[in-house]
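Novice: Let me begin by handing over the structure; questions about it come next.
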Amino acid sequence: MVTTTAPAFAGNLNEAVVEPAPAVAVAAPVRTGGDWTGFYAGGQFGYLDVTGKSLATGTDGDDYTYGVHAGYNYDFGLWVIGAELDYDWTITDLVAAGVTVGSLDSVWRAKLRGGYDFGNTLLYATVGYAELDSSLGGASGDFWGLGLSYKLTDQFILSGEYLMHSFDDIGNAAGVDADADTFTIRASYQF
């Protein structure tokens, strides 16, 4: 007698069900700082250095400044734009050939600002229009500058800002021009 056997297979007759691998959730980028959007206001303390641009004026002066500022920023995520008004008081003597010829009393500015959002830190550039008031008369001009702001809390901001100004025809006198550099330390509260 001849016997044959069929091979034995384990399992069942249905096809194996392949389950998909679990989906891996991709985490959204985490912001490491606060939102720069909103109104802000504060005060500043700084230093002003004025240099006459023409040989006819030959005036120079430097002294401390103090003032106030207010503005609005809008945070687009990585970029921030804004506008600001600020006003500085000073009593800077203008000196020519060792003789005091006048004083610079105040400067106000209208600024446009734009910068990169590093989270709690904002690096920005600024440009705008400025007017000065002096004992020689008033003058208008433009300026540009750089600043760095740091959020100590969600509302309190500490900043440093450098501005380079150019003023023409001080006191409506043709050719009486001056450059001015300012550096200020600023404290602001964001609403």
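Novice: Could you pull out the residue among Asp133, Asp154, Asp117, Asp177 that is of a type in the set (D, E, K, R) and over 23 Å from Ala41 (Cβ atoms)?
Specialist: Values: Asp133 fails: over 23 Å from Ala41 (Cβ atoms); Asp154 fails: over 23 Å from Ala41 (Cβ atoms); Asp117 fails: over 23 Å from Ala41 (Cβ atoms).
Criteria check complete, one pass: Asp177.
Novice: From the residues in region 87-114 that are farther than 21 Å from Gly46 by Cβ and in contact (Cβ under 8 Å) with a residue 12 or more places away in the chain, which one is surrounded by the fewest Cβ atoms within 10 Å (Cβ to Cβ)?
Specialist: Ala97
Novice: Which residue pairs have Cβ atoms under 9 Å apart, sit 6 or more places apart or on different chains, and have a first residue in region 121-136 that is closer than 25 Å to Leu158 by Cα and a second that is loosely packed, with under 15 Cβ neighbours inside 10 Å and charged (D, E, K, R)?
Specialist: From region 121-136, the pairs are Val127/Asp142; Gly128/Asp142; Tyr129/Asp142; Ala130/Asp142.
Novice: Moving to a separate point now. Mind checking whether some residue in region 77-86 is under 24 Å from Gly137 (Cβ atoms), of a type in the set (A, V, I, L, M), assigned to a strand (DSSP E or B) and modelled with pLDDT of 95 or more?
Specialist: yes
Novice: Another question about this same structure. Output yes when any residue across region 122-133 is closer than 19 Å to Asp177 by Cβ, modelled with pLDDT under 95 and in contact with a helix residue (DSSP H, G or I) (Cβ under 9 Å, 6 or more places away or on another chain), and no when none is.
Specialist: yes
The values are calculated or read from the model by the stated rules, or taken from the named source; none is laboratory data. Remember, it's a predicted structure, so these values are computed and weren't measured experimentally. Backbone-built Cβ (ideal geometry, glycine too); neighbour counts: all protein chains shown.
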